[in-house]
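Right, one structure below, let's go through it.
Here, each number is a calculation from the coordinates, and none is a lab measurement. Since this is a predicted model, take the numbers as computed values, not measurements. Reconstructed Cβ throughout: ideal geometry from the backbone, glycine too, with neighbour counts over all protein chains shown.
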Amino acid sequence: MASCRRQGRPLADCEPSLIAYELDDLSAERAREAIIHVLRAEGVASPTARTLAASWVRSGDYLFDAFHLSVADYVIGNPPYIRLEEIPSETAGLYRDAYPTMRGRADVYVAFFEAGLRQLKPNGVCVFICADRWMRNQYGAELRRLVTRGYSVEVILEMHNANPFDDDVSAYPAISIIRRGRQGRAVVASANHGVEALGGGGIATRLQAVAQGAPGGSANGLTTAVVEGWFSGSDPWPCTSPTRLALLRRLEEQFEPLESELTGTKVGIGVATGLDEVFITDDANLVEDRRLLPLALAQDTASGNLQWSGHFVVNPWDADGLVRLDDYPRLHSYFKAHETSIKRRNTAQKNPAGWYRTIDRINPSLTTRYKLYIPDIKERFNPVLDKGETYPHHNLYYICSTTWDLEVLGGLLLSKVGQFFVESYGVRMRGGYLRFQAQYLRRIRVPRPDAISQLQAERLVEAFRSRDRELASQMALEIYRVDASELNDGH
C-alpha cells in the first residue's frame with residue numbers, strides 16, 4: 001500500500017502481485033478475513049478489499065500448483081515439517097516424482113525448498129524459516145546440490161538458542177536467504193538468548209551491515225561473520241559458530257583435502273565381515289597360516305600406541321579374488337562347520353558361489369603398509385601409527401600416504417586444528433562423542449608436506465610420539481597461520 005501511494009497507483013493494480021498458499025481451508029479463510037480487516041482499516045473500499053484478499057490467499061497444495069505459477073521475485077515462507085512416512089503413500093509418491101531432491105526419509109519441507117527455488121526469477125530470492133536438518137543430514141544431499149549448483153547462499157541465521165515462534169517447536173530452526181544467481185560472500189549468524197530485544201528490524205539491519213563490510217562479532221545475542229563463498233556439491237554444511245565457520249571456509253580455500261591424488265594419500269575403512277564370531281579369532285592355529293591376518297581392533301589403539309590384542313581375521317581372499325576352498329583343507333573344514341550361519345548373511349545370499357566371502361574384500365597388501373589408524377567413536381582425535389603389522393577392523397579408519405611422514409601427519413591431526421575440522425564436519429553423539437568417519441576425514445584440510453619446515457616436522461613427530469596435544473596444537477596453529485582465539489570461539 002505504501003508503494004502504491006508513492007507511485008500514485010491504485011491498490012487494485014496489486015491483484016496479481018501476491019500469492020499465498022494455505023492447505024487448510026479454514027486457516028485460509030481466516031487469513032483472508034484478516035487481510036480484509038487491515039485493508040478496510042486503511043480506507044480501502046470493501047469490494048476491493050475482498051477481491052484482493054480472495055486473489056492473494058489461495059486454498060490448495062502449493063507443491064502441486066507451483067509448476068503452473070508465474071516466476072517470482074520473492075518466495076517467503078515457513079514450510080511444514082512432516083516426514084514422508086506420515087503422508088498418504090499416493091501423495092508422497094507424487095511429491096517424490098515431482099521433486100527429485102526428495103530422497104530417502106525426506107521431510108516434505110525439502111520439496112517446498114525445491115519448488116520455491118525453481119520458481120525464482122534470475123536474481124530472485126527465497127527466504128524460509130525452517131528446520132535446519134537438511135543442511136547436514138543425508139536426505140538433504142540433493143537439495144544442497146541443487147542450491148550449490150545454481151544459487152547463492154546469502155544468509156544463514158541459526159536459532160537453536162532463540163525462540164522465534166509463539167509456540168514451542170521440537171526442530172532447530174534457521175532462516176535461510178538464497179538468491180538465484182552466482183555465489184558470492186555469505187553471512188552466517190547465530191541468534192541466542194536476548195536477541196528478541198533487537199527485533200526483526202534490528203536483526204535485519206545488523207545482517208545487512210555485515211554483508212556490506214561491517215565487522216562481525218557478538219552483540220545483543222546476535223553473533224555474525226562473513227564467509228567468502230560457500231560449500232560445493234552435496235557435502236553437509238557444517239554446524240558451528242559463525243566465527244569458526246568463517247575460519248573453516250578460509251582454511252578450505254587455502255589448503256588441500258587430506259585425501260588427494262597429488263600426495264598419494266588415501267582414507268579407508270577396515271573390513272566388515274558380516275559374522276565376526278566366525279571370521280575373527282584369537283586362535284593362531286585355527287586354519288592355514290596364509291589364511292590368517294593379524295587384525296587391529298579399536299581397543300588396540302586406546303593407549304595412543306598400537307598394542308595388538310592377538311586377534312586375527314580369517315581371510316578368504318588373495319590378490320586375485322576369493323581363494324578356492326579345495327586349496328586350503330583346514331579353511332574349508334572350518335567354513336563348512338559354520339556353513340549355515342555364514343550362508344544366512346545377506347552378502348552370501350546375493351553371491352551364492354562366493355558364500356564364504358566377507359562383506360568387504362580384503363586386500364592383504366594393506367597389512368604391510370605403514371598407516372594411521374583412527375578409531376570411529378571418540379571424544380578427541382586419536383591417530384595411532386601401525387608400522388605395517390596389522391589389518392584394520394571395520395570400526396577403524398586408516399590413512400595411507402606415499403608422501404607424508406605419517407608421524408608428522410599424525411601430529412597435525414592430534415592438534416586442536418585437527419579436532420576443529422572433525423567438530424565442524426562431524427556428528428556429535430550422546431555423551432559428547434564424535435564420529436571420525438571417512439567422509440569427514442577426507443574433508444580435513446592439510447598443508448603440502450614440503451611446506452612444513454624441518455623443525456616444525458620434528459616437533460610434530462615429538463608431539464605425536466608423546467601424545468602432547470598442546471605442542472601439536474602450537475605447531476599446527478603456526479603452520480595453518482591461525483590465531484587461537486578464532487579456534488576457541490564458542491568452545
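A compact table of results
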read-out	value
Within the chain, percent of DSSP bridges classed antiparallel, to nearest 5	75 percent
Length released on extending from residue 360 to residue 83, taking residue separation times 0.36 nm less the Cα-Cα span	96.4 nm
Degrees, to the nearest 10: 46-56 long Cα axis against longest axis of the chain	20 degrees
Spin-label pair residue 20/residue 7, simplified geometry with 7 Å Cα→Cβ offset, distance in nm	2.0 nm
Likely footprinting exposure, 230, 355, fewest C-beta neighbours within 10 Å first	355, 230
Ascending count of other beta-carbon atoms within 10 Å, so fewest first, for 390, 263, 205, 340	340, 205, 263, 390
[x] 1.00; [y] 1.09; [z] 1.23, with the label sought being that of the calculated Cα Rg over 2.2 N^0.38 Å	[z]
Full-extension gain in nm, residue 64 to residue 196, via 0.36 nm per residue minus C-alpha separation	43.9 nm
Overall dimensions of segment 64-254 as given by Cα atoms, namely Rg and Dmax in Å	16.5, 51
Point-to-point label distance, residue 377-residue 488, nm (Cα→Cβ direction, 7 Å offset)	3.2 nm
The chain, helix-only ellipticity at 222 nm - DSSP H runs n ≥ 4, -39,500 (n - 2.57), divided by all residues, nearest 500	-10000 deg cm²/dmol
Dipole-positive endmost among 49, 8, 35 within segment 1-112 (Cβ charges, Cα centre)	8
Debye, to nearest 20: dipole size of segment 1-117, +1 on Lys, Arg Cβ, -1 on Asp, Glu Cβ	480 debye
For segment 300-354 versus segment 169-223, the gap between their alpha-carbon centres in whole angstrom	55 Å
Karplus-derived HN-Hα couplings along segment 121-128 (A = 6.51, B = -1.76, C = 1.60, θ = phi - 60°), whole Hz, x at Gly and Pro	5, x, 6, x, 10, 10, 10, 10
Dipole moment magnitude, nearest 20 debye, the chain about Cα centre, only Lys, Arg, Asp, Glu C-beta charged	720 debye
Proxy reagent accessibility, fewest Cβ within 10 Å first, across 289, 386	289, 386
Degrees separating the helix 141-150 axis from the principal Cα axis of the chain, which is the longest one	60 degrees
